[in-house]
Every structure is written in structure tokens, then in C-alpha cells.
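Taking it in order: structure first as C-alpha cells, then the write-up.
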Amino acid sequence: MSLQALLVVAAALFGVGVYGALSQQTFVMIMMGLELMISGAILAAVAMWARAAGGNPKGQLLAVVAMTVMAIEAALGFALVVAIYRVRKADMTEKLKRLRG
Amino acid sequence: MTVHAVSPAAAVAEVGTALVAGVYVIAVLDGAVSARVAGRSRPGTALLVMPARRAARLLLQARTTTERPDAAAWAVATVALGALAAGGLMVVPLSARGAVAEVADGIVLFGAAMALVMVAVFLHGWSPNSVFPMIGGYRFAAQALSYEMPLALVLIAVALPAQSLSVTAIVESQHGLWNVVRQPLGLPLYLIAATGVAFWGPLAIPDSADLGGGTAAESSSSELLAWRVARAAVLVTVSAMGAAAFLGGWWGPLLPGPVWVALKTTALLAIIVVAGHTLARVRLESFVVVAWVAFIPLALVDVFVSGILALR
Amino acid sequence: MTGSWLVEVFFWAFAATAVISAYLVFRVDSMVRAAFWLLASFLAVGAILVLLEARFLGLVLLLMMAGEMTIMAVFMVMFMMNPAGLNPMTMVHQHRTAVVAGVASFLALASVGLFVRFPDRPVPAEGTAQATADLGGELLGDSMLIFETAGVSLLAAMVGAIALASRNGRFGDAYVSSRPPDLDDVTAASPADGPAAEADEAAMDGGGMDHAGMDHG
């Protein structure tokens, strides 16, 4: 469980998240990609805390802030998905072609 | 992670025995209370044998299934519910020796296990590919989100006098005074949330009769028996945690520690089982409104009061 | 630590679970299974965090993700056209670009992880309880401003999400003042062109009639 192995795993999670966020058409799947990216970031932060920072609590604080960001992004993302659907009847990015009020 | 010096086999034996005994006690209590409420009187031996007869009758039922269910998720849901009950019971000390798993953040592990119960019940409602189970699963998602905040806050309030998140430390901090006296708001809120976690009695919303059995509507035979046993196991776990967190665990005058734990757990079980037969099932809309509007502020008051008392 | 090879085995098992189930999220047809594969990925990451002696963070991640993924499953059923995966279909766009971007970001970050020389200051082996206590002291001590800001941000997010998603309108409760969305397929072309085309025609008619009126007069 060396630092290198942990960082490679975190990079893999981030890479899969980038693939998902770019390739999916529906809003909910794009959000899943974003969640995976933040999860990779959390794993990398805690790996650094455990192996390179000697238990400095600010490393854990970074992970807590990242989890807060994850929660806020999920909540507001879902609310926006619902709002967009109500106004524009669009649940896929392809349907939002016109910049119209 | 320091595990209490118990071999894995002994750990499985201890948690397994506690769960099996607890499930049996629930079944007997349930039969006794329902007979009493219905006005019938049953002899004691019939009550003690009744759980075995009901289990045998369930096992002899024909096994039915639905069209194109998600069979893997269905199996995972039932097994996960039982596993989460065992996982939650792992951190509760059943005697003065300590819990099977001496986890320094025992309360958080218990909270995580009870949060994952929501996933298990939702999957159990989703996988039969049928309408009423799915509605039951959805209703449980709303119910679970409503009771989770009061449950977490009340357990945090219990951790404050002990200055530790470990359940053993919480029990040890009740040496002179039980938490039910120090924090009077705690136990009622915890019992309501515990009834919600185990979806029993007045909060038996996902498996309710108005949904034809809800998430268990399409279950039969061994799967139904396993689901009901898992649900009773969750009730045992939350009652054991309530006994440890509020009623002082193994502390008590004459009898040995494990006997006190069993008595207190059975007392909480009896309260919930009796409530199941005397109180009507609440409407989900009412429960959600009351939980968010009333229970969360009450739980916050509980945390503030216990915090002030701990800072004194 | 006794049995550290066991810890290594568990770590690689959890790491493989995390990455494979993350990939499966975008591969399965059944949408609810996608949400729960994401939960499996998060459970594996939480387990790795517990193995790393950050047990509090791992357990909190598990707790958070249980609720979040159930809600995501509910949203999948609401918004995806194929929630149970009964008709296999792939809905991806710019697939090759996405693969290239994913692989490139993985290679970039992995090379940073492998080739940079990080300091070697491991957390003490039995330091989990101390880690939780340190986190508590940090949150309420040096970093209280960050903690309070995070709390207020969460509150603002809750209020904003409810305001965006709630159906209550200016004229009262939802069931009084809003009408449900109609279920026929509204394409992008017709509502935009319809009123505009009619308006254009009305303007042209008015212009023709006016000219005719003025010519008469």
C-alpha cells in the first residue's frame, strides 16, 4: 500500500471519471463522472496524509472539504436537472441546442 | 484497527448467538402480544414453539418469482440486510469484556451500517420488477432520509459525556448515571428512529399491508423467511445499541453484566413490539413532515443540552 | 503490524473493485445498477480509507454515499429513458475524445504519482484514534473558519436546491398554482418557430393591409 500504488489507483478513478463526464449524454451520468473524479481526489488527499504528511490533520481537513464539495455539487446538480427538465423538457445535453431564455 | 482479542470464530459465535437469540425473542414476543391484543390466550409452550412452526410453514411454501427480476440484486439485498445487522452489532459491547470489535469510532460504524440499510431495502424493492415493491422501496428512501438525522444527532449527544465515539467508552461513562436520565430527549427520539430503521410497527411503511406486502410482496418461501429474519436482526441490533447508549449496558446491581444487557435489550424490544401491535401505521407524508420539522430541532436541543452539561 | 500481507491483499482487492465498478457504471444497461455500481466503487474507496488509518473519514464516506446513491438511483429512474436496461442501447457522444481524455488524465496523474519524490512521513501505525481526535481539534481550532464556511455553504446549497426544485409558485402551493408538464414529445423546432412564424406573418399582413389602406386613402 505504498504511496505510489495509492496515487495510481486515485489517478485511475479520476481517469474513469473524466471519461464518463465527457462521454455521457444524460445529465445524471455526467454527474456520476464528476463524483468519481472527486472520489479520486479524496483518495489521493488521504493517501498523502497517511504516507507523506505524517498525520498532519490538515490533510484530513482537505478530504472533509472535498466531501462537502461532493455533497453540494450533487444537491445543486440534481436541483438544476429538475429545473431544466421542467422548463425545457430536456434530460440530455443534445437537447439543449438553442441559447434561448 | 485493534480488534478485541477474540478469534474470528469466537466473534462470529458471539454475534451470531446474540442475533439468533434476539430474533427468537422477537418472534415469541410478537406472537404473545398479537394473541393478547386479539383476545386469544395461548399456552406458553405453544408460544415458544410458534416461531419454528411459522418458519417451517414458510419453507414449505412454493417458491414464486416475477418476470425478469434483477436476481443478483434481490439476493444481495436480503443478505446485505442481515450482514448490516451483524456489522452494527459488532461494535456493541455485550458484556464488560468489551465489544467483538473494539472500534474507536463505533458510533460512526453503527451509523454507516444503518445508513446502508436504506440501500438494502431500496434494492429489495427495485429488484422484483414489480410495482408495489418498487413503491415500498421509494417510500423507505423518504422514511430513511427523515429519521437519519435525528438518529445521528441523538447518538452524537450520547458520545459527548463519554468524550469518545467508542460504544464501550459510552457504556463506561454511564457508571454512575444512565443516559436516559441525563438526556431525557434521547431515548424517545432514538426509539422512534430505531423503529424506522427496522421498519417495524407504526413505521412499517416499505412492507405495509396497503401495498400488499410492499417490498416483500413478491417474496416467498426461503427468501421471505430470510428477509423477515434479517429485519428482526436489524431490530435486535438497534435495541442492543439503545440499551448500551441509553440504559447503561452491562451496569446493574446483582446480576452479571451479560444478563443485564439481555434484559435491557429485551425491554426495548418489548416496547417496540408492543407499539407495533397497538399503534397504527403512520402515513409517510405525516412522518416526513414531523421528522424534519419537529424531531431534528428536538435532537439539536438534545445535543446542545448535553454539550452544555459536558462543558461544565 | 501482523498480517500486513493480508492488508496488502485487501488493498489490491478493494482497489480493483473501485476501478472496475467505476468503469462498469458507464457500461451497464440497467440504470439503477449503474447507480449501485457507483456505490460499490465508493464502498471500496471507503474501505481503502479505513485501511489507511483514516477510519473516521472512511466511515463518513460510506454513510454519505449510501444516501446519495439511493437518491441518484431515484433520479435515474426519473430522467433516463431506459432505467431497467431492458432494451440495450449505448448513448455516448464524442466517445473517442472521451477515451483519449480519460487515458491522458490517468497517465498524467499517475506519472506525477510515480515520478515525483514525495517525503516519507507515514502516520503512526496505531494512530487511528489519535487521527480522529486530531481532526476534531483541527476543525474546531485552527480551521474553524473553513469548517463554518463549509457548514454555511451546505445550508445555502440546501436552500438553493429546494428553491430550484420546489414546485411552490408565487400563487401558493404546488397543487394550486402549477400545472404538470405535458407528456408529449416536445421537439426543439416547433415551439420556437410556431409563434415567431405566426408573428412574422401577422406583421406582413398588417403591413400589406396598411399599405392598401393608405393607398386607398
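The values are calculated or read from the model by the stated rules, or taken from the named source; none is laboratory data. Just so it is clear, the model here is predicted, and its values are computed rather than measured. All Cβ positions, glycine included, derive from the backbone under ideal geometry; neighbour counts span all protein chains shown.
The table below gives the values:
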quantity: Failed item, numbered, when B:ALA32 is tested on (1) in contact (Cβ under 8 Å) with a residue 12 or more places away in the chain; (2) within 30 Å of C:GLY58 (Cα to Cα); calculated: (2)
quantity: Failed criterion for B:ALA55 (all others in (1) under 16 Å from B:ALA232 (Cα atoms); (2) buried (at least 17 other Cβ atoms within 10 Å of the Cβ) hold); calculated: (2)
quantity: Unmet requirement for B:VAL92, which otherwise passes all of (1) out of contact with any Pro (no Cβ under 8 Å at 6 or more places or on another chain); (2) facing another protein chain (nearest Cβ under 9 Å); calculated: (2)
quantity: Subset of segment C:94-130 (residues that are of a type in the set (Gly, Ala, Ser) and either within 29 Å of the chain's Cα centre (by Cα) or closer than 17 Å to A:ALA5 by Cα (or both)); calculated: C:ALA98, C:ALA101, C:GLY102, C:ALA104, C:SER105, C:ALA108, C:ALA110, C:SER111, C:GLY113
quantity: B:LEU160 vs. criteria modelled with pLDDT of 95 or more and in a helix (DSSP H, G or I); calculated: no
quantity: Any hit, segment A:45-55, residues being charged (D, E, K, R) and surrounded by fewer than 20 Cβ atoms within 10 Å (Cβ to Cβ); calculated: no
quantity: Qualifying residue in segment B:193-216 (condition: in contact with a His (Cβ under 6 Å, 6 or more places away or on another chain) and either over 26 Å from B:VAL261 (Cβ atoms) or modelled with pLDDT of 90 or more (or both)); calculated: yes
quantity: Yes/no for A:MET67 being touching a helix residue (DSSP H, G or I) at 6+ places or on another chain (Cβ under 7 Å), farther than 20 Å from C:GLU53 by Cα and modelled with pLDDT of 90 or more; calculated: no
quantity: Complete set of residues in segment B:166-202 that are more than 15 Å from B:PRO150 (Cα to Cα), of a type in the set (A, V, I, L, M) and assigned to a helix (DSSP H, G or I); calculated: B:VAL167, B:ALA169, B:ILE170, B:VAL171, B:VAL180, B:VAL181
quantity: C:VAL28, sole failed condition from (1) over 17 Å from A:LEU34 (Cα atoms); (2) at pLDDT 90 or above; calculated: (2)
quantity: Test: residue in segment B:132-150 that is hydrophobic (A, V, I, L, M, F, W, C), away from chain C (no Cβ under 14 Å), in contact (Cβ under 8 Å) with a residue 24 or more places away in the chain and surrounded by 19 or more Cβ atoms within 10 Å (Cβ to Cβ); calculated: yes
quantity: Residues located in segment C:3-27, provided they are outside any helix (DSSP H, G or I) and either touching a Cys at 6+ places or on another chain (Cβ under 8 Å) or surrounded by fewer than 17 Cβ atoms within 10 Å (Cβ to Cβ) (or both); calculated: C:GLY3, C:ARG27
quantity: Residues satisfying the stated conditions in segment B:1-32, i.e. of a type in the set (A, V, I, L, M, F, W, C) and more than 14 Å from B:LEU235 (Cβ to Cβ); calculated: B:MET1, B:VAL3, B:ALA5, B:VAL6, B:ALA9, B:ALA10, B:ALA11, B:VAL12, B:ALA13, B:VAL15, B:ALA32
quantity: Complete set of residues in segment B:245-288 that are in contact with a Gly (Cβ under 8 Å, 6 or more places away or on another chain) and of a type in the set (Ser, Thr, Tyr); calculated: B:THR265
quantity: Condition met for B:MET118 (within 29 Å of B:THR65 (Cα to Cα), free of Cβ contacts under 8 Å to residues at least 24 places away in the same chain, out of contact with any Cys (no Cβ under 6 Å at 6 or more places or on another chain) and not aromatic (Phe, Trp, Tyr)); calculated: no
quantity: Candidates B:PRO161, B:PRO188 - the one that is of a type outside the set (D, E, K, R), closer than 25 Å to B:HIS277 by Cβ, surrounded by fewer than 20 Cβ atoms within 10 Å (Cβ to Cβ) and more than 14 Å from chain C (Cβ to nearest Cβ); calculated: B:PRO188
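Residues checked against (1) within 26 Å of B:LEU109 (Cβ to Cβ); (2) loosely packed, with under 15 Cβ neighbours inside 10 Å; (3) basic (Lys, Arg):
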position: B:TRP251; (1), (2), (3): yes, no, no
position: B:PRO256; (1), (2), (3): no, yes, no
position: B:VAL261; (1), (2), (3): yes, no, no
position: B:LEU279; (1), (2), (3): no, yes, no
position: B:PHE287; (1), (2), (3): no, no, no
position: B:PHE304; (1), (2), (3): yes, yes, no
